[in-house]
Amino acid sequence: MTAASAHRPAWLSDARLASLRRWVAVPASGGSKGTTTAIAPYDALPTVEVPAGIPDDVEAAVTLARAAQEPWARLSYAARAEVLLRFHDLLVQRQDEVLDLIQWEMGKARFHAWQEVLLLGTVTRHYTRHGQTYLEDRPVRPAVPVVTRAREVRLPKGVVGIVSPWNYPLYLGVGDLVPALLAGNTVVSKADQQTPLSLLWARALMAEAGLPENVWQVVCGDGPTIGTALVDAVDYLCFTGSTATGRLVAERAARRLIGTSLELGGKNPLIVRADADLQLAARGTAEAAFANSGQMCIHIERVIVHQDVYEAFAEALLAATSGQRLGQGFDYSYDVGPLAGQAQLDRVDAHVRDAVAKGATVLAGGRARPDIGPYAYQPTVLAGVTDDMAVCLGETFGPVIALHRATDDDAAIAVANRGRHGLSASIFSANTAEAEAMARRIRSGAVNINDGAGLAIGTVEAPMGGRGDSGLGRRHGPEGIRRFTDAQTVAVSRLGPVGPPPGRPVESFVALGNRQLRLLRRLGIR
């Protein structure tokens, strides 16, 4: 019998674990079809078993959610918001529990686990306060002034499916849920097999905040089975994950003619201009590259430096990199934790080995640290990366960055725009006006200026998402909640059907319409 992970949080008693497991939706199979067990990154040993569902469980969960949707939508926005605000307060009060779970299941440093609480709390407050304004009825110019009126209204999609990844199980798992619920939808979420407890903890907390039981269902199991069944049953699908899987999700959803929002992979560039504060740029680069051990879609993987400051910046970056504390612990002692599992370690190691074999130079790091933990890998800086190397334009998703030289801003932008990804980018410059002008030329969904990665995604009033192979749709801002609704036009006539009056020649009606067209054109009315 395989030993269990020794890092199970002390507060997670068997009774408490059972209270989390009860939120796994297995209404068809009753949990009799098996379990799924993750491997803890700190010791490469099993965490705990969680019931695994089957496609019939997904269908049954969607049926329950569909029955709960209309009563939930009939509540006022304020009533729905009150539930979410109570959840916010409980999240802040009890955050240490979910920080423990995130670290145990995924391995990240505690500060980066806390950032999930920060982001989720911010998103929740934003939509509880501003979401109703984003969704309120909008009067529009009617077809016939005076005698008709029209407005655009927003209606919930119905049952929303959310497939969230392991790298940010709380923020990405619940951050999309919040606006979906507030818009009047019910939700069925697929928890990632690596991090189910983090999402189930949030589900239990939401119940304590007053969310009706069937309004949010959580299913567990492998992606090809459970994820596919979810796409086949819901009215809208929100997916965060790899570009390859995102394509499959989009294709399957398109066959059903349901909408999707997809945040996918990235190969994000950071530009260091000749006028940049190199110490700030180096610190920002290290933080953005090695946060969450490089396992976040918006982290920096390519650093493009003006040739006049390349050597000085490289020196500053190596100093900042050497200051990153790599380790494992349930406190704030470390800056970089281990990778999430063996597959991630293998991918990172393969990218670095391939680069070195083809001529790249390792300036820092470049190897695993089994003395620290089974999946620990050093923060790594490479130089001399060329097109034939996997690390050049392929997403590494680990603590590895490559340095590139650029002769000027145009050359830097050309390098930044290479490849098909377009999620996030950064520019460090003393001249923010020029940097903002450069930002418009970079093909990415967000550009941070004098910050590595977090500024744009932390600005929750603005949309966040990708271009190209980095996805479709946006989270945050007005679009982040409107995506979970359908627009409906309601047009009202005070005089009955619009058209030629009975008994009048059609030709006179056409002539009147033509005079109106010419008059409105002269008046500049559109």
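The values are calculated or read from the model by the stated rules, or taken from the named source; none is laboratory data. All values derive from a computational prediction rather than experimental measurement. Don't worry about glycine lacking a Cβ; one is built from the backbone with ideal geometry, like all the others, and counts go over all protein chains shown. Calculation scope for accessible area: heavy atoms of the full protein, side chains included, ligands and nucleic acids excluded. Shrake-Rupley method; radii C 1.70, N 1.55, O 1.52, S 1.80 Å.
Computed values, structure above
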| item | result |
| --- | --- |
| Near pairs, Cβ below 6 angstrom, 6+ apart or cross-chain, from region 422-451 (open to solvent by 50 Å² or more (accessible area, probe 1.4 Å)) to any residue that is at pLDDT 95 or above and among the hydrophobic types (A, V, I, L, M, F, W, C) | 432/449; 441/413; 450/428 |
| Residue match in region 106-125 (condition: more than 18 Å from the chain's Cα centre (by Cα), in contact (Cβ under 8 Å) with a residue 24 or more places away in the chain and over 30 Å from residue 374 (Cβ atoms)) | no |
| Odd one out for residue 511, checked against (1) touching a strand residue (DSSP E or B) at 6+ places or on another chain (Cβ under 7 Å); (2) open to solvent by less than 80 Å² (accessible area, probe 1.4 Å) | (1) |
| Long-range neighbours under 9 Å by Cβ, at least six apart or interchain, first residue within 22 Å of residue 96 (Cα to Cα) and open to solvent by less than 60 Å² (accessible area, probe 1.4 Å) within region 1-30, second modelled with pLDDT of 95 or more and of a type in the set (Ser, Thr, Tyr) | 5/42; 5/47 |
| Subset of region 73-108 that is small (Gly, Ala, Ser) and in contact with a Leu (Cβ under 9 Å, 6 or more places away or on another chain) - its residue that is farthest from residue 201 (Cα to Cα) | 73 |
| Selection from region 31-51 of residues that are without any contact (Cβ under 8 Å) to a residue 60 or more places away in the chain and of a type in the set (A, V, I, L, M, F, W, C) | 45 |
| Boolean, residue 469 is open to solvent by 40 Å² or more (accessible area, probe 1.4 Å), in contact (Cβ under 8 Å) with a residue 12 or more places away in the chain and out of contact with any Gly (no Cβ under 6 Å at 6 or more places or on another chain) | no |
| Subset of region 484-507 (residues that are modelled with pLDDT under 90 and under 27 Å from residue 154 (Cβ atoms)) | 498 |
| Output for region 228-276, where each listed residue is surrounded by fewer than 18 Cβ atoms within 10 Å (Cβ to Cβ) and charged (D, E, K, R) | 247, 251, 252, 255, 256, 275 |
| Filter pass, residue 133 being open to solvent by 50 Å² or more (accessible area, probe 1.4 Å) and over 22 Å from the mean Cα position of the chain (by Cα) | yes |
